[in-house]
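S.K.: First the structure, then my questions, so here it is.
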Amino acid sequence: MSDSPSTPRVLILTQEFDPTVDPVVKSLKARGADVVRVDLSYFPQTLTFTTSDFDGERRSLLHRGRRVDLDSLSGVWYRRPTAFAFDPAMSEAEQQFARNEALHGIGGVMRATDCLWINRPEVDAVAELKPYQLQLAKRLGFRTPRTLLTNDPQEVAALVKSVDGPIVYKALTGGVIHYPGGFPAGLFTTVVGDEVLEHADRVRHTMCMFQEYVDKAYEVRLTVIGNTYFPVVIDSQAMPTTTVDWRGENQLPYGPYRPLPDDVVARTQRLLAELDIVYAAVDFIVTPSGEHVFLEVNPGGQFMWMQHDLALPLSEAVADLLAAGEPFRRGPVTQVGY
């Protein structure tokens, strides 16, 4: 990498095919940044990590002949790396031991890398826990949908019988199921009624989340990149396929730009500060009376579809943050329209 002290140095950890990263890399290079993009699946075959305090401090990674001094980084984008890939000649027990050693070793080396992160993996792991998000949001003054989390069929049956109005089932982890030999299938948020009672025993298989259905005027997907907010209005009630879950349509019905109210911005800043994340995709329902109802935070949410559809400078904002060269500090918010 370049030896110029003013050159931003950025490490991007993601899978080989990740088109969201490409425009950010282009933006970083336009700023004169040195960029290294690697996937953790390259370890240990072609990716090497080293840290040593013999004869001075050394902390680096080496990939295909290119060495990166981890202490010189301006930023790390922990995007969507895939799992380590060990020698298939190793036994299952040996691979499990090697995996645990790698998680502790590489995790410790990277955790000691003191620069801006989008986002630190251990922070993401906590931030994406939806029950925790909901508790934080309520404490900070957001309205959230009334929620039942359980694996008890009797609790679900009692809820269906007692609630005057529709309820929805919602997956806790995005709802993607990978069937062998097929394309991943998604579980969208679904309205359920008395018919769920016939299959209530299936609730015992895992934790299930049921929520009250909240009437919507429209929805907001807010992308937060540092202190820059990109609120996008989705007119979900304009199409029958997006009424319950706007992911049900490839071409989304966007509404006109509406900046978030100051109180929603302030609560969101406090929420993200509690979660300690720099990047987030935050979803809100806006009721017919204009109240913003918090749904969830996705610390690794996609954003290129909005950049493509609405010409929002999202990849530029990510590049600015990574190239800044200092740990992130939360401050006054700028909202960007379209």
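Readers should treat all values here as calculations from the given coordinates under stated rules, not as data from a laboratory. Computed from a predicted model, the values in this text were never measured in an experiment. Here Cβ is always computed from backbone atoms with ideal geometry, including for glycine, and neighbour counts include all displayed protein chains.
S.K.: Counting other C-beta atoms within 10 Å, and keeping those with at most 11, which DSSP coil chymotrypsin sites (Phe, Trp or Tyr not before Pro) do you find in region 32-93? Before the final figure, lay out each step's value.
M.R.: Details: sites: TYR42, PHE49, PHE54, TRP77, TYR78, PHE84, PHE86; in loops: PHE54, PHE84, PHE86.
Loop-located and lightly packed - PHE54.
S.K.: From the convex hull of the Cα coordinates of region 93-247, what is the mean projected area in square nanometres? Please list the in-between numbers first.
M.R.: Working: hull surface 55.8 nm².
Averaged projected area of region 93-247's Cα convex hull equals 14.0 nm².
S.K.: If you take the C-alpha gyration tensor of region 96-164, multiply each eigenvalue by 5 and take the square root, what semi-axes do you get, largest first, in whole Å?
M.R.: Values: eigenvalues 289, 75, 7 Å².
Each semi-axis is √(5λ); the values are 38, 19, 6 Å.
S.K.: Give the Rg (one decimal place) followed by the Dmax (whole number) of region 286-335, computed from C-alpha coordinates and expressed in Å.
M.R.: Radius of gyration, then largest Cα-Cα span, for region 286-335: 14.6, 43 Å.
S.K.: With only Lys, Arg, Asp and Glu charged, each at its Cβ (+1 for the first two, -1 for the last two), find how big the charge dipole of the chain is about the Cα centre; round to the nearest 20 debye. Could you put the intermediate results ahead of the total?
M.R.: Working: 32 positive and 43 negative charges, 110 e Å.
The dipole magnitude comes to about 520 debye.
S.K.: Highest mean first, what order results for 61-69, 10-18 on Cβ atoms within 10 Å? Mind showing how you got there, number by number?
M.R.: Values: 61-69: 13.6, 10-18: 17.4.
Listed from highest to lowest mean packing, they are 10-18, 61-69.
S.K.: Which of LYS138/LYS216; LYS26/LYS170; LYS29/LYS130 have a Cα-Cα distance over 25 Å?
M.R.: Numbers: LYS138/LYS216 19 Å; LYS26/LYS170 37 Å; LYS29/LYS130 36 Å.
Exceeds cut-off: LYS26/LYS170; LYS29/LYS130.
S.K.: Related question: What is the extension gain from ARG202 to LEU103, computed as 0.36 nm multiplied by their sequence separation minus the C-alpha to C-alpha distance, in nm to one decimal? Mind dumping the intermediate values first?
M.R.: On the way: separation 99, 0.36 × 99 = 35.64 nm, distance 3.43 nm.
Length gained, ARG202 through LEU103: 32.2 nm.
S.K.: 5 Å is the cut-off here: which amide hydrogens, built 1.01 Å from N in the peptide plane, fall below it relative to ILE234, excluding neighbours closer than 5 in sequence?
M.R.: GLU219, VAL220, ARG221, GLY255
S.K.: So, one more: Show me the helices of the chain, taken as full DSSP H stretches, that run 15 Å or more along their long axis by Cα and average -0.5 or above in Kyte-Doolittle hydropathy. Spell out each step's value before the answer.
M.R.: Working: long enough: 92-111 (27 Å, -0.59); 262-275 (20 Å, -0.02).
Going by DSSP H runs, the hits are 262-275.
S.K.: Right, another one. Determine the shape class of region 201-338: with a ≥ b ≥ c the square roots of the Cα gyration tensor eigenvalues, call it rounded for a/c under 1.5, and otherwise prolate if a/b is greater than b/c, oblate otherwise. Mind showing how you got there, number by number?
M.R.: Values: a/c = 1.67, a/b = 1.37, b/c = 1.22.
It is prolate, given that a/c is not under 1.5 and a/b is the larger ratio.
S.K.: Further, regarding this structure: I want to check the label-to-label distance for ARG258 and GLU57. Put each point 7 Å from Cα in the C-beta direction and report it in nm to one decimal.
M.R.: 5.0
S.K.: A further question follows. Please give the net charge around LEU322, taking every other residue with its beta carbon less than 10 angstrom from that of LEU322, where Lys and Arg add +1 and Asp and Glu add -1. Show your work: numbers first, answer last.
M.R.: Working: positive: ARG9, ARG31; negative: ASP320.
Surrounding charge for LEU322 is +1.
S.K.: Suppose each label sits 7 Å from its Cα in the direction of the beta carbon; what would the ASP164-ASP87 distance come out to in nanometres?
M.R.: With each label point 7 Å from Cα toward Cβ, the separation is 6.9 nm.
S.K.: Please list log₁₀ I(q)/I(0) at q = 0.14, 0.27 Å⁻¹ for region 66-135, using the Debye equation with identical point scatterers on the alpha-carbon positions.
M.R.: For the requested q values the scattering log ratios are -0.61, -1.21.
S.K.: So, one more: Less than 14 Å Cβ to Cβ from ARG80, Lys/Arg counted +1 and Asp/Glu -1: what total charge do the surrounding residues give? Show your work: numbers first, answer last.
M.R.: On the way: positive: ARG37, ARG79; negative: GLU16, ASP18, ASP22, ASP39, ASP124, GLU128.
So the environment of ARG80 carries a net charge of -4.
S.K.: Could I ask something else about it? Can you tell me the FRET efficiency between GLU195 and THR287 if r is taken as the Cβ-Cβ distance and R0 is 30 Å, rounded to the nearest 0.05? Walk me through the numbers before you get to the answer.
M.R.: On the way: r = 27 Å, r/R0 = 0.89.
The formula returns an efficiency of 0.65 here.
S.K.: Using the C-alpha gyration tensor of region 128-178, what are the square roots of 5 times its eigenvalues, in whole angstrom, with the largest one first? Mind showing how you got there, number by number?
M.R.: Values: eigenvalues 84, 63, 20 Å².
The equivalent ellipsoid of region 128-178 has semi-axes of 21, 18, 10 Å.
S.K.: For region 35-110, which GluC sites (Glu not before Pro) are both in a DSSP coil and crowded by at most 14 other Cβ atoms within 10 Å?
M.R.: Working: sites: GLU57, GLU92, GLU94, GLU101; in loops: GLU57.
Listed in order of number, the matching sites are GLU57.
S.K.: For ASP215 and THR173, calculate 0.36 nm times their separation in residues minus their Cα-Cα distance, and state this gained length in nm to one decimal.
M.R.: Numbers: separation 42, 0.36 × 42 = 15.12 nm, distance 2.33 nm.
The ASP215-THR173 span can extend by a further 12.8 nm.
S.K.: Now a separate question. Would you calculate, for the chain, the mean residue ellipticity at 222 nm contributed by helices, counting each DSSP H stretch of 4 or more residues as -39,500 (n - 2.57) and dividing by all residues, to the nearest 500? Please report the intermediate quantities before stating the final value.
M.R.: Working: 8 runs with 88 residues, N = 338.
The per-residue figure over the chain is -8000 deg cm²/dmol.
S.K.: Now for a separate question. Regarding region 1-74, what is the average projected area of its C-alpha convex hull, in nm²? Mind dumping the intermediate values first?
M.R.: Working: hull surface 22.1 nm².
For region 1-74, the mean projected area of the Cα convex hull comes to 5.5 nm².
S.K.: When N counts the residues of the chain, how does its alpha-carbon radius of gyration compare numerically with 2.2 N^0.38 Å, as a ratio?
M.R.: Against the empirical 2.2 N^0.38 Å value, I get 1.10 for the chain.
S.K.: Rg and Dmax of region 208-266, Cα atoms, in Å?
M.R.: Rg and Dmax of region 208-266, Cα atoms, are 13.0, 35 Å.
S.K.: A follow-up question, please. Using DSSP, restrict attention to beta bridges with both residues in the chain and report what percent are antiparallel, rounded to the nearest 5. Numbers along the way, then the final one.
M.R.: Numbers: 45 of 60 bridges.
Given both bridge residues lie in the chain, the antiparallel proportion sits at roughly 75 percent.
S.K.: Based on the alpha-carbon gyration tensor of region 18-162, what equivalent-ellipsoid semi-axes (square roots of 5 times the eigenvalues) come out, in whole Å, largest first?
M.R.: On the way: eigenvalues 293, 105, 49 Å².
They are 38, 23, 16 Å, listed largest first.
S.K.: A further question follows. Roughly speaking, what is the stretch gain from ARG146 to LEU187, that is 0.36 nm per residue apart minus the C-alpha to C-alpha distance, in nm to one decimal? Present the calculation step by step, with values, prior to reporting the outcome.
M.R.: Values: separation 41, 0.36 × 41 = 14.76 nm, distance 2.04 nm.
Contour length minus Cα-Cα distance gives 12.7 nm.
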